[in-house]
Amino acid sequence: MGVVAYVGFIAVSVVVAVGVKRFDPAIIEQLSRRTGLTGSRGWTIFLVALAWTFLPVLAGAPVDDGSLWVVGAAMGGVGFYLGTIALTSMDEYRIVSRAAAVPPADLSAHTGDGVVATSGVPTVADPAAAVTPISGEPAVHTDWIAQQRTRVGFREVWSNVATGVESVPFTLGDGSVVVDSGRHRVFSNAERYTTVGRDEPLPDAAAEFMQPTPDLPDPEARDSKTRFIEEYIPGDEPVTVVGEPVQSERPGQVRIEDAPPDPLFGTHADHSRSDGDDTEPIFVRGTVDEARRLLKKRLLFGGGGGLALIVCGQMLAFWLSPASLPL
């Protein structure tokens, strides 16, 4: 019975995941951007997580509604998520930590061994366009998701409606370095939540942004509370850009091109709306030193915390159930 229930739980979870991918593509798109995982690698990690999470069932844990072992299983699920976020940052952390830190004014197409890290406060051609689409914060790159409050059974939950990325080209060092908007591996801890009630008027920026976007609800016909979550690279603070400097079309100007690929999980796909742009530098909020600390914390705390939750969650699951592993 344990084997049958174990396989059944995994099968049902896979079916649910397929349903989420079909009926809630927004969250899948955003997870893909944040992790850089391809579909095959993402499914592999998901199946490994399922096999570990439902191990108590294989060992004889009950599957009735009052089973407390699921608390430990939920902890393990969170741990796998944090661990995946940390692992998918590993190669970027190595690249940023080993790249030569060069001020924008000293950068040239022949600097260092190819990969450099340079930082500065961005300068944009049109400041009015370099803002987060909903809250209007100065930003050069924004990953947003829109949600609406819906009822599932007796509970109200946030349902994802749409997601996307907005980015603009900018320069550093009084125009000496140009960075095109495009396929960026972005790491930032700047977030902005904007929640609007069903009967409340939308901010002008939000209404203007929603109007031409087909996946978003009609701003004049909203029937539930709406929430926007924006993760962004501030446009009025230093930003670190990591990649290979090449000569720009303009004399005396350098363009930051590709950073080395991520060999562990593969490179990130093009998740921006820019046309014809194939560059993929790494963006990190803050100065070079701050960027290195941010990625190190992401790796150590996410990885360490994730591993602790995976192991402790499984121990708790077995402790809260009559299941036991054969020795």
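The values are calculated or read from the model by the stated rules, or taken from the named source; none is laboratory data. Everything quoted here is computed from the prediction, not taken from an experiment. A quick note on method: Cβ atoms are made from the backbone with ideal geometry, for glycine too, and the neighbour counts reach across all protein chains shown.
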Selection within the stretch 285-300 - loosely packed, with under 14 Cβ neighbours inside 10 Å and among the aliphatic types (A, V, I, L, M): 300
Top-ranked residue in the stretch 11-52 [being in contact (Cβ under 8 Å) with a residue 40 or more places away in the chain and closer than 21 Å to residue 315 by Cβ; ranked as surrounded by the most Cβ atoms within 10 Å (Cβ to Cβ)]: 50
Residue list for the stretch 108-125, filter: modelled with pLDDT under 85 and either surrounded by 17 or more Cβ atoms within 10 Å (Cβ to Cβ) or of a type in the set (Val, Ile, Thr) (or both): 111
The lone exception for residue 210 - which of (1) crowded, with 17+ Cβ neighbours inside 10 Å; (2) modelled with pLDDT of 80 or more it fails: (2)
When residues of the stretch 174-193 are limited to those that are modelled with pLDDT of 90 or more and either buried (at least 16 other Cβ atoms within 10 Å of the Cβ) or not assigned by TED's automatic domain parsing to the domain that holds residue 127 (or both), the one farthest from the chain's Cα centre (by Cα): 177
Selected residue [at pLDDT 90 or above and in contact with a helix residue (DSSP H, G or I) (Cβ under 6 Å, 6 or more places away or on another chain)] from 79, 60: 79
Qualifying residue in the stretch 269-288 (condition: farther than 23 Å from residue 144 by Cα, over 19 Å from the mean Cα position of the chain (by Cα) and either at pLDDT 90 or above or of a type outside the set (Ser, Thr, Tyr) (or both)): yes
Residue that is modelled with the highest pLDDT, among those in the stretch 132-146 that are surrounded by fewer than 22 Cβ atoms within 10 Å (Cβ to Cβ) and assigned to a strand (DSSP E or B): 138
Output for the stretch 147-168, where each listed residue is in a loop (DSSP other than H, G, I, E, B) and surrounded by fewer than 17 Cβ atoms within 10 Å (Cβ to Cβ): 153, 154
Residue in the stretch 182-194 that is touching a Pro at 6+ places or on another chain (Cβ under 7 Å) and within 25 Å of residue 295 (Cβ to Cβ) present: yes
